[in-house]
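Heads up, the thing below is written out as structure tokens.
Any read-out appearing in this document is the output of simple, stated calculations on the displayed coordinates, not a laboratory observation. As the structure is a prediction and not an experimental result, all values here were calculated from the model. Here the Cβ positions follow ideal geometry from the backbone for every residue, glycine too, while neighbour counts run over all protein chains shown.
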Amino acid sequence: MEAIRAQVGGQSVLILREGTTRSRGRDAQRANITAAKVVAETVKSSLGPKGMDKMLVDGLGDVTITSDGATVLKEMDIQHPAAKMMVEVAKTTDDEVGDGTTSVVVLAGKLLEKAEELINKNIHPTIIVDGYRAATEKTLTSLKEIGIKVSPTDKGMLKKAAMTSMGSKLVSDYRDFLSDIVVDAVLMVAQKDDGEYKVDLDDIKINKKAGESLIATKLINGIAIDKEIVHSGMPKRVENANIALINSPIEVEKTEFSAKISIERPEEMQAFLDEEERMLREMVEKITATGANVLICQKGIDDLAQHFLAKQNILTIRRCTQSNIEKLAKATGAKIVINIDDLTSEDLGHAALTEERKIGEDKWVFIEGCTNPKAVTILIRGGTDKAVDEADRSIHDALCVVRDIVLAPSVVAGGGAPEIEVSSRVRKWAESLSGKEQLAALAFAEALEVIPITLAENAGLDPIDILVELRSRHEKGELWAGVDVFNGKVNDMASLDVYEPLSVKEQIVKSASEVSSMIIRIDDVIASGRSRMPSMPPGGPGMGGMGGPDLD
């Protein structure tokens with residue numbers, strides 16, 4: 001490390017401010033690659049069904065237990081800039097396809113390790129990057145060739161992919177039951193548009209509540225709201241609910257400017273109160289006239305209005321959140337009305353049942369039995385808060401996997417089978433290249449094998465024996481031979497119903513290749529010195545502001 005100076009006419013001139021450090025050439029590359037490899041090593045042991053979990057404790061003492069790569073990296077307080085790029089690539093993969101976050105970091109780490117070996121052999125980073133780019137294109141082409149086309153609404157295949165996604169999580173014992181919920185939820189909110197399906201996972205509301213066990217998790221054909229009914233005199237259960245959604249307060253509006261009312265006699269006071277009561281009664285009558293028997297309001301409701309609504313047997317919830325109101329509109333078919341005067345019977349939504357139920361210590365309102373809902377709820381239960389949080393992460397990954405297949409209906413078998421197959425195809429193709437680029441392409445092909453090797457290591461198997469057998473089985477044309485971690489041997493993963501979306505595999509290869517190429521090309525790291533806060537206000541003590549007292 002060195003401060004950045006230049007010699008001019010025998011004098012040392014400071015180019016950047018004091019405290020700036022610089023490392024360049026091999027040192028910079030080695031430091032960056034090492035930092036990125038350390039991140040990959042951290043999450044490597046959590047890959048696959050036999051992977052281990054990580055316990056992360058933050059500065060406040062909050063504990064997270066997970067095997068989800070993106071969550072592990074997000075919770076770690078990583079400082080090194082190259083290591084932060086690995087965190088970013090995991091986050092991007094999570095945002096884009098929702099799964100494969102551990103795989104992308106492990107593959108990027110291996111690509112960097114292979115690149116470091118080539119740099120040590122004096123191969124220029126630009127040649128390595130060019131070789132990696134060409135190998136990436138060949139890998140993506142090979143993945144498309146081996147992908148299996150499926151129907152976007154094939155429940156059987158979607159369930160297999162969801163079960164594969166959950167197989168490496170804490171909830172793996174319940175994956176059969178949970179994957180049915182996940183597939184049903186995605187297919188309910190999927191909408192066909194010009195022959196293609198569109199899925200917005202925001203339409204699937206996830207509610208978490210510790211208590212009971214994971215087997216009590218359920219899909220609600222509608223929306224669950226963590227609010228209770230506003231008045232004890234209202235019905236707790238309404239069948240064949242006609243639901244009004246209102247986005248304005250049911251109160252007497254206050255004037256926007258200051259106003260004084262001069263009241264001199266008790267009769268005038270009574271007339272004033274009577275008028276307020278009449279206005280509130282009128283509002284409630286307008287709601288009742290539409291045939292609504294359930295009212296959900298985003299704003300406040302006056303106590304007197306609550307009393308009138310209770311007398312009309314209208315089940316009412318107030319201060320419902322914007323997102324809940326929007327999801328209710330999608331689920332029930334209701335229109336959100338801003339002005340009560342505009343409310344008509346055509347604006348009402350419909351549900352088979354609206355009911356208040358006790359969940360743990362809280363009261364929630366369930367609106368379910370919606371016909372053809374475009375928004376649904378998954379209520380996750382579990383023994384502890386930690387179990388519920390991990391179930392939430394696992395279900396999110398499974399939802400993303402099912403969505404990926406509905407959007408791009410193509411799958412590959414899991415267990416490292418596609419990586420081995422593609423690796424052998426890239427290796428054969430690389431032999432046709434000339435010059436040093438061939439070495440980079442071969443290194444890329446070798447790096448792809450890190451996924452099956454890591455799966456074998458995490459299952460306690462001998463990675464070399466497994467790799468040799470995998471290569472020989474693929475040479476014989478066994479396309480889906482992969483690592484069967486449960487039986488501890490090489491097996492046909494398609495016959496075991498282990499499937500993953502093709503789009504996830506493609507995203508892993510693209511992202512890992514891009515981040516490794518970016519880190520390889522860095523040959524100079526210039527870090528500014530950290531700015532220190534002044535220990536006292538400028539001008540010394542007692543000079544805090546203009547016109548202060550003279551302290552002489």
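The table below gives the values:
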item	result
Span from the segment 162-226 Cα centroid across to the segment 265-333 one, whole angstrom	34
Between segment 423-469 and segment 369-396, the Cα center-to-center distance that results, in Å	39
Extension gain, E145 back to D27 (0.36 nm per residue minus Cα-Cα distance, nm)	38.4 nm
Computed label-point distance, nm, for sites T34 and A271 using a 7 Å Cα→Cβ extension	8.9
Helical mean residue ellipticity (222 nm; -39500 (n - 2.57) per DSSP H run of 4+; nearest 500) of the chain	-14500 deg cm²/dmol
Potential extension, H350-K428 segment - 0.36 nm per residue separation minus Cα distance	22.0 nm
Simple label model, 7 Å out from Cα along Cβ direction - D95 to E228, nm	4.1
Global geometry of segment 109-181, whether rounded, prolate or oblate, following the gyration tensor of its Cα atoms and the 1.5 cut on a/c	oblate
Residues of type aspartates and glutamates that K110 reaches as a straight line, Cα spacing below 14 Å, ignoring anything fewer than 8 places off in the same chain	E41, E419, E446, E449, E514
Residues H124, H350, sorted so that the one with the fewest Cβ neighbours within 10 Å comes first	H124, H350
Label-point separation, K286 to D77 (7 Å along Cα→Cβ), nm	5.5
Kirkwood hydrodynamic radius of segment 222-372, Cα pairs, Å	16.1
Cα gyration tensor shape for segment 368-455, rounded if a/c is under 1.5, else prolate or oblate	prolate
Cleavage-rule hits, trypsin sites (Lys or Arg not before Pro), segment 161-258, DSSP coil, Cβ neighbours within 10 Å at most 14	K236, K254
Shape call, the chain: gyration tensor on alpha carbons, a/c limit 1.5	oblate
Ranked list, fewest to most other Cβ atoms within 10 Å of each Cβ, for E368, E145, E326, E88	E145, E88, E326, E368
Relative packing of 353-366, 493-506, 279-292, which averages over residues the other C-beta atoms within 10 Å, highest first	493-506, 279-292, 353-366
Note, ³J(HN,Hα) from phi for segment 79-88, Karplus 6.51, -1.76, 1.60, rounded to Hz, x at Gly and Pro	9, 5, x, 5, 5, 5, 5, 5, 5, 4
Greater than 30 Å apart at Cα, pairs in K84/K155; K209/K505; K386/K510; K37/K149; K91/K114	K84/K155; K209/K505; K386/K510; K37/K149
Residue order, fewest to most beta carbons within 10 Å, for L47, L178	L47, L178
